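Colleague: One structure, pasted below without further comment.
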Amino acid sequence: MVLSKIASESDVSVHSTFASRYVRTSLPRFKMAENSIPKEAAYQIINDELMLDGNPRLNLASFVTTWMEPECDKLMMASINKNYVDMDEYPVTTELQNRCVNIIAHLFNAPLEESESAVGVGTVGSSEAIMLAGLAFKRKWQNKRRAEGKPIDNPNIVTGANVQVCWEKFARYFEVELKEVKLREGYYVMDPEKAVEMVDENTICVAAILGSTLNGEFEDVKRLNDLLIEKNKETGWDTPIHVDAASGGFIAPFLYPELEWDFRLPLVKSINVSGHKYGLVYAGIGWVIWRNKEDLPEELIFHINYLGADQPTFTLNFSKGSSQVIAQYYQLIRLGFEGYRNVMENCRENMIVLKEGLEKTERFNIVSKDEGVPLVAFSLRDNHHHDEFEISDLLRRFGWIVPAYTMPPDAQHVTVLRVVIREDFSRTLAERLVNDIQKVLHELDTLPSKLSSNVKAADGEDGKPAETRALESKKSDLEKTREITTIWRKFVTARKQKMNVVC
C-alpha cells in the first residue's frame, strides 16, 4: 500500500523563496535569531539588500580594482580557504609571495645582487604597509639616538597636507608627530623645498607621494632627494625618504620609465604600493619593499614555530586569506611588462578623452596633471550659483559615483570633482560620462541656486526693510565660497563617518 502525504504549511520545501514566511517578516538585525532559516532564504535576503549598493564598475571615486579575468577568479576561489600565514602547510603560496616581492623590488630598481633576495612583505593594503615602514624608520632612529646618548621622545615625520589618512593614523597610533607642508591654490602636492626646511634631528623620514589622492600628481622625489642630501651633509644627519607609491607604483615604471623616484635615489629606503589599485588585483593586497636588510631592524621581525617550522613574520595582521597574493602573482606573469604597459597606456588615453570632453564644455578648470595617476580632477569655473557637490549628487541618478571634496589646508577653499580611470573604464563609458555631466549642467542651469533660495526663504521674516537685508546679505565672493565649502565639508564628513568609507 502506497502512503501519500499532503504538504503542510510548515513544509518549506514546497514554497518558493519569496512566498515563504522568511521574507514576510523582518529578521533581527543586531541580535542573533533564535531559529535557523533555509540557505536559499538567507542568500536571497542578503542578495536583495546588496542590490542597493552602488555598481562597483561605476564607482569612479575608488582607485581599487573592480574587474579581473575569470581565470584569476577561479584561482582565487580555489585558494580562498588557505591561511596566508601557514607557511609550512602552504609552502607554494609562500613561494609565490616571495616571487611577488622580488618582482616588485626589481621593478622599483632595488640594488640587489644576482642571487640576492629582496626584503619585503605582502600586506592587506598600503595602510598596513605604511605602518610597517614607519615602524622601521622609528626604530632605526631610536637605535641611533640611543647609541648617541640622545633623547628619543619626540620623533616626527614630514609629509605634505595631501597625504592619505593612513599617515595620520600611523602618527597617532605610534606617537609620532606629523609635520605637514601646507598646500596652496594651484600647487596641490608637497613642496620639496618647504619639506626639507621642516626637517630636524628628530625627523625619522620624509614621506613623498607618487600619485596624490587629490589630483593624481607625482611629487618630485628626485628634487626632494637632492635637497635632503645637501641638508644631511650640512647637519650630519641621515634623514631618509619613504615613497608612498600606493597608486603610482604600478604606473610610473610602465609609463614614465625615465622618471627617478625609486631605489635609484640613494635616500629612498622603502616603498609601499597597493596591489589592489593599479597592481590590478581585487581589494586586500599591498606590498612594502625595503632597499636592503639593514633598513629593516631585525628586532621588529618575530619568529614563530607553532605552525610547524620556524617562520619569520613582520605584519600587523596575522591570519588572512591567500587569494590576493595568488591573484597578484597571476597578474604579474599573465601580463608581464608589456601587458601592464598596455593597460596603463589605455587608462591614460581614456583619461585624455574625458579631460578633453570636459574642457569642451567650457565650464570646468582641470586641476589634475597629464603626468601622474590616470584620473581627472576638475572644478567649476563659476560655482557661485551651483557647486561641485550638487553635480556629484545629480550624477548618482545616472548611476555614476563621482566624489566632490575640498582640498586640504591652505587650499581648503578649492572644491573639486574627481574621476579615477581604471582598467575597466572604457572609452565608451568616458564619452557617456561627459554626456551625463552635460545633462546635469543643463538641469542645474534651470534651477535656482542654493544660496539665493536660502536668502529668499529668509526674506520678510525679521520685519527689516529690504535695503537693510540687502546690506546684511552682501558678502564677497570669497566669503560665500568659504561659507558653502564649510557647510558641505561638515555634511560630507558626517556622512563618511556614518558610512565608515575607506578609499
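Colleague: Pull out all pairs, ordered by first then second residue, where Cβ-Cβ is under 9 Å, the residues are six or more apart or on different chains, the first lies in region 123-146 and is over 13 Å from A171 (Cβ atoms), and the second is part of a helix (DSSP H, G or I) and among the acidic types (D, E).
Modeller: Going by the 9 Å Cβ cut-off, the qualifying pairs are A136/D295; R139/E299; K140/E294; K140/D295; N143/E299.
Colleague: Kindly provide the set of residues from region 149-175 that are of a type in the set (F, W, Y) and either under 19 Å from N225 (Cβ atoms) or assigned to a helix (DSSP H, G or I) (or both), ordered by number.
Modeller: Looking only at region 149-175, we keep the residues that are of a type in the set (F, W, Y), and these are 167, 170, 173-174.
Scanning region 149-175 gives W167, F170, Y173.
Colleague: Same structure, new question: Can you say whether A161 is open to solvent by 80 Å² or more (accessible area, probe 1.4 Å) and of a type in the set (A, V, I, L, M, F, W, C), as far as the supplied structure shows?
Modeller: Details: open to solvent by 80 Å² or more (accessible area, probe 1.4 Å): no; of a type in the set (A, V, I, L, M, F, W, C): yes.
Spelling it out, it is not the case that A161 is open to solvent by 80 Å² or more (accessible area, probe 1.4 Å) and of a type in the set (A, V, I, L, M, F, W, C).
Colleague: Pairs only if they're at least six apart or on different chains, beta carbon under 6 angstrom, first in region 81-109 and free of Cβ contacts under 8 Å to residues at least 40 places away in the same chain, second crowded, with 20+ Cβ neighbours inside 10 Å and not small (G, A, S); list them, first residue then second.
Modeller: T94/M87
Colleague: Turning to a different aspect of this structure: For the structure I just gave you, tell me whether N365 is among the polar types (S, T, N, Q), out of contact with any strand residue (DSSP E or B) (no Cβ under 7 Å at 6 or more places or on another chain) and more than 30 Å from G122 (Cα to Cα). If you could, list the steps in order and put the result at the bottom.
Modeller: Values: among the polar types (S, T, N, Q): yes; out of contact with any strand residue (DSSP E or B) (no Cβ under 7 Å at 6 or more places or on another chain): no; more than 30 Å from G122 (Cα to Cα): yes.
No; evaluated as a whole, the condition is false for this residue.
Colleague: Looking at region 303-353, which of the residues that are open to solvent by 70 Å² or more (accessible area, probe 1.4 Å) and among the hydroxyl-bearing types (S, T, Y) is modelled with the lowest pLDDT?
Modeller: Y306
Colleague: Inside region 247-274, can you point out the residues that are over 13 Å from F108 (Cα atoms) and open to solvent by less than 10 Å² (accessible area, probe 1.4 Å)? Can you show your working first?
Modeller: First, the residues of region 247-274 that are over 13 Å from F108 (Cα atoms): 247, 255, 267, 274.
Answer for region 247-274, where residues must be over 13 Å from F108 (Cα atoms) and open to solvent by less than 10 Å² (accessible area, probe 1.4 Å): S247, S274.
Colleague: Within region 360-396, how many residues are under 24 Å from the mean Cα position of the chain (by Cα), open to solvent by 80 Å² or more (accessible area, probe 1.4 Å) and more than 30 Å from V221 (Cα to Cα)?
Modeller: 1
Colleague: Can you give me the ranges of the helices (runs of 4 or more DSSP H) entirely in region 410-483 with at least 3 residues that are at pLDDT 65 or above and either aliphatic (A, V, I, L, M) or open to solvent by 80 Å² or more (accessible area, probe 1.4 Å) (or both)? Step through it out loud before you land on a result.
Modeller: Numbers: elements: 427-445, 450-458, 466-473.
Here the list reads 427-445.
Colleague: Residues of region 18-76 being among the polar types (S, T, N, Q), touching a residue at least 60 places away in the same chain (Cβ under 8 Å) and exposed (fewer than 11 other Cβ atoms within 10 Å of the Cβ), which ones? Let's see the steps before the verdict.
Modeller: First, pick out the residues of region 18-76 that are among the polar types (S, T, N, Q): 20, 25-26, 35-36, 44, 47, 55, 59, 62, 65-66.
Next, only the ones that are touching a residue at least 60 places away in the same chain (Cβ under 8 Å) stay: 55, 59, 62, 65-66.
Result: N55, single match.
Colleague: Here's another thing I want to ask about it. Enumerate the pairs (first residue in region 235-248 and charged (D, E, K, R); second residue anywhere and surrounded by fewer than 23 Cβ atoms within 10 Å (Cβ to Cβ)) with beta-carbon separation below 6 Å, excluding pairs fewer than 6 apart on the same chain, so at least 6 apart or on different chains.
Modeller: Between residues of region 235-248 that are charged (D, E, K, R) and residues that are surrounded by fewer than 23 Cβ atoms within 10 Å (Cβ to Cβ), the close pairs are D238/N232.
Colleague: Do we find that E197 is under 17 Å from A208 (Cβ atoms) and without any contact (Cβ under 8 Å) to a residue 12 or more places away in the chain in this structure?
Modeller: When the stated conditions are applied, E197 passes them.
Colleague: If you scan region 126-164, which residues turn out to be modelled with pLDDT under 95 and in contact with a Cys (Cβ under 9 Å, 6 or more places away or on another chain)?
Modeller: Passing the criteria: only Q164.
The values are calculated or read from the model by the stated rules, or taken from the named source; none is laboratory data. Here the structure is a predicted model, which means the values were calculated and not measured. Cβ coordinates were reconstructed from backbone atoms using ideal geometry, including for glycine residues, and neighbour counts include every protein chain displayed. Areas reflect the complete protein model, heavy atoms only, side chains present, ligands, DNA and RNA absent. Shrake-Rupley method; radii C 1.70, N 1.55, O 1.52, S 1.80 Å.
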